[in-house]
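Below: the structure, in structure tokens.
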Amino acid sequence: MRLKLKIRRCDPMKTGACSPFLQAYDVEAEEGMTVLEALISIAETDDPSLSFRRSCRSAICGSCAVTVNGFPKLACNTQIIPEHRKRGQLVLEPLANHRVLKDLIVDMDPFWRKFEKTTPFLIPKEEPEGGWKITGEDQAVIDDSQKCIMCGSCNAACNTLDVDPGFVGPAASAKAWRFVGDVREADGERRLKDLSAEHGVWDCVRCMHCTEYCPKGVDPLKAIEQLRSRAMGAGIVDNHGAKHTLAMAESIKRVGRLDEAAMTFKTLGILRSLGMIPFGLKMEIHGKMPHPIIFPAIEKMEEVKKIYEAVEEKRKKERGGEG
Amino acid sequence: MAKLKYAYYPGCASQAITRESNETTRRVARILGIELHDMPAANCCGAGLMTDYDYELSLALNARIFAQAEEMGMDIMTICSTCLMVMNKANRDLTSNPGLLESTNAILGEAGLKYGGKVKVKQLLWVLAEDYGFDRLKKKVKKPLSWLKAAPFYGCHSLRPSDALGFDDPEDPRSLEEAIGALGGEVVDYAGKTKCCGFQIDLVNEEAAVEMTGRRLTGALDKGADCMVTPCPFCHINLDNYQSMAEKKLSRKIDLPVFHFSQLVGLALGMSPAELGLSRHLVSPEKIVR
């Protein structure tokens, strides 16, 4: 079957700037043919100037991630017939949120800089006498983060990176969790402080895209959630993200649900809350201002309190077990 | 066909800041003959923040909601995409991992509760798409929205993570488009309809949040939309309430009314602007309502 592939191309080395254009190629598609096989076939038979990265062809090296019909995928494990059938077309573009060097090749340097910033190696505690004893459970918490092949798909899908290139991003966050979550790590607290600062894990919008488009099941969002959890547990709470989360936990414990006015105040503090008064007035005119004084609790609040107490008790025992 | 009935979980936002969405949904359900049963003891799902705070606590709080629905013998219907995502993720984790269900039930047991793992959680859009059916909805339309060019906005949590939700195709969703079509409106397609509105970082990184809001709105505006429609109250907060901030950030007038999904349905069913609570919007949709 002949299929048309549209590929977004550009060659700044030729023109000085990247002025992308779509070029169409016809490919003789066989059942099971991958995007990468199609690209190789075009380059070999049709247009040797077409540039793309590839190496292992087995979803291991992480080189060939591209945008397929709008979403990041590994070219080597995405088949062209089902993709074409699904959307009625097949458009290949370079990874989003990355600067294009040529055609489907993007500049990965900023991606690596983000990794470097997280100190991507273990800083071990002193080995206990008789050596480390790592349980299956210890291993399990960091298992997923070790599956990363650094293909950049998650960063390409990240909604925060789309508007703020300074954000640490899902890939480096997952890598950071690999060390923070390691029982042998000595420098976890310093890492958590760095990750709680501006452009850190609290800037994630929880859009789910990183987890959805990771081809290896790393679940970077889960890593971000765990980093936030550990940071709060270590008392690193002097930032809007942690304050907001703690205010939510307090609000549910008090009234069973979200008390918006109290949460905004607790997150922003008195000065920034005062700054929101003009906005608040506009909201008030449209009846949208939440009124904390008349905020009713849910029924059977005692059940919620008992659940909180049961978990708090469990945490206390765990901490006791450690000491 | 058996009467559709659900344990109704509007979510915290729709009981306060976006209560027009809750009130409209109740009216729409009444007109369509869908029974909504209140859950006055239901707690907040945690909106994802509680997952950060304490995963096990967050699971237990969600399981408490599910246990109530189980007791009522019904599935849950929410009108909030974030509640939908959080509850379905919790439900996925609890039902796919017997050990986790057991340890969560040990915590629930302290409050005299138990979750058996049998509840499903859906959203109004989902209920109309799969349980009620758009063909049936079309027959109920009194006032086709033939003058309306509506840009559908899904946001993130009505479609992802797909392994927990399993509703529609996150890469090429059709449900909102089909709904707009059934109501007689014209669909405006644009890039960004499944991207983020920015809500979750409004208080953390306002600049980035407002930039996202602005890009979503102008994406729809530039394709000729005269309104947006979203199933998510949190998306509505950013797209409507934060729209003036987005205008400032992007230095351009946007003035694009944003409907809650329930309001668009209500409008086609013949509800009045007052019944729809349109005066509660910061960007008035009343000027485009006929």
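The values are calculated or read from the model by the stated rules, or taken from the named source; none is laboratory data. Keep in mind the model is a prediction, meaning the values are calculated, not measured. Note: ideal-geometry Cβ built from the backbone for every residue, glycine included; neighbour counts use all protein chains shown.
Table for the structure above
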{"read-out": "Filtered residues of region A:247-262 (kept if in a helix (DSSP H, G or I) and either charged (D, E, K, R) or more than 8 Å from chain B (Cβ to nearest Cβ) (or both))", "value": "A:Ala247, A:Glu250, A:Lys253, A:Arg254, A:Val255, A:Glu260, A:Ala261, A:Ala262"}
{"read-out": "Tabulated pairs, region B:240-261, first outside any loop (DSSP other than H, G, I, E, B), second among the aromatic types (Phe, Trp, Tyr), C-beta under 9 angstrom, 6+ apart or interchain", "value": "B:Asn241/A:Phe279; B:Ser244/A:Phe279; B:Met245/A:Phe279; B:Val258/B:Phe153"}
{"read-out": "Filtered residues of region A:77-95 (kept if assigned to a loop (DSSP other than H, G, I, E, B) and out of contact with any Ser or Thr (no Cβ under 8 Å at 6 or more places or on another chain))", "value": "A:Gly88, A:Gln89, A:Leu90"}
{"read-out": "Criterion violated by B:Thr18 - all others in (1) within 29 Å of B:Pro170 (Cα to Cα); (2) modelled with pLDDT of 95 or more; (3) in contact with a strand residue (DSSP E or B) (Cβ under 8 Å, 6 or more places away or on another chain) satisfied", "value": "(2)"}
{"read-out": "Single residue of region B:92-116 satisfying the filter (of a type in the set (Gly, Ala, Ser) and without any contact (Cβ under 8 Å) to a residue 24 or more places away in the chain) that is nearest to B:Met72 (Cα to Cα)", "value": "B:Gly112"}
{"read-out": "Selection from region B:203-225 of residues that are away from every other protein chain (no Cβ under 14 Å) and surrounded by 19 or more Cβ atoms within 10 Å (Cβ to Cβ)", "value": "B:Ala220, B:Leu221, B:Ala225"}
{"read-out": "Any hit, region B:118-131, residues being without any contact (Cβ under 8 Å) to a residue 40 or more places away in the chain and away from every other protein chain (no Cβ under 14 Å)", "value": "yes"}
{"read-out": "Candidate set from region B:18-46 (those that are buried (at least 24 other Cβ atoms within 10 Å of the Cβ) and touching a residue at least 60 places away in the same chain (Cβ under 8 Å)); member that is farthest from the other protein chains (Cβ to nearest Cβ)", "value": "B:Val28"}
{"read-out": "Residue ID - surrounded by the fewest Cβ atoms within 10 Å (Cβ to Cβ), chosen from residues in region A:218-246 that are outside any helix (DSSP H, G or I) and facing chain B (nearest Cβ under 10 Å)", "value": "A:Asn239"}
{"read-out": "Elements of type helices (runs of 4 or more DSSP H) contained in region A:96-203, each with 2 or more residues being under 30 Å from A:Ser51 (Cβ atoms) and either in contact with a strand residue (DSSP E or B) (Cβ under 9 Å, 6 or more places away or on another chain) or small (Gly, Ala, Ser) (or both)", "value": "A:153-157, A:169-180"}
{"read-out": "Answer residue from region B:167-202, given it is in a loop (DSSP other than H, G, I, E, B), among the hydrophobic types (A, V, I, L, M, F, W, C) and surrounded by fewer than 21 Cβ atoms within 10 Å (Cβ to Cβ) and is nearest to the other protein chains (Cβ to nearest Cβ) among those", "value": "B:Ala191"}
{"read-out": "Among residues of region A:43-70, those that are touching a Ser or Thr at 6+ places or on another chain (Cβ under 9 Å), touching a residue at least 60 places away in the same chain (Cβ under 8 Å) and outside any loop (DSSP other than H, G, I, E, B), counted", "value": "1"}
{"read-out": "Positions within region A:268-323 being outside any helix (DSSP H, G or I), over 33 Å from the mean Cα position of the chain (by Cα), closer than 30 Å to B:Asn205 by Cβ and modelled with pLDDT under 75, in sequence order", "value": "A:His291, A:Phe295"}
{"read-out": "Qualifying residue in region B:53-74 (condition: surrounded by 23 or more Cβ atoms within 10 Å (Cβ to Cβ) and acidic (Asp, Glu))", "value": "no"}
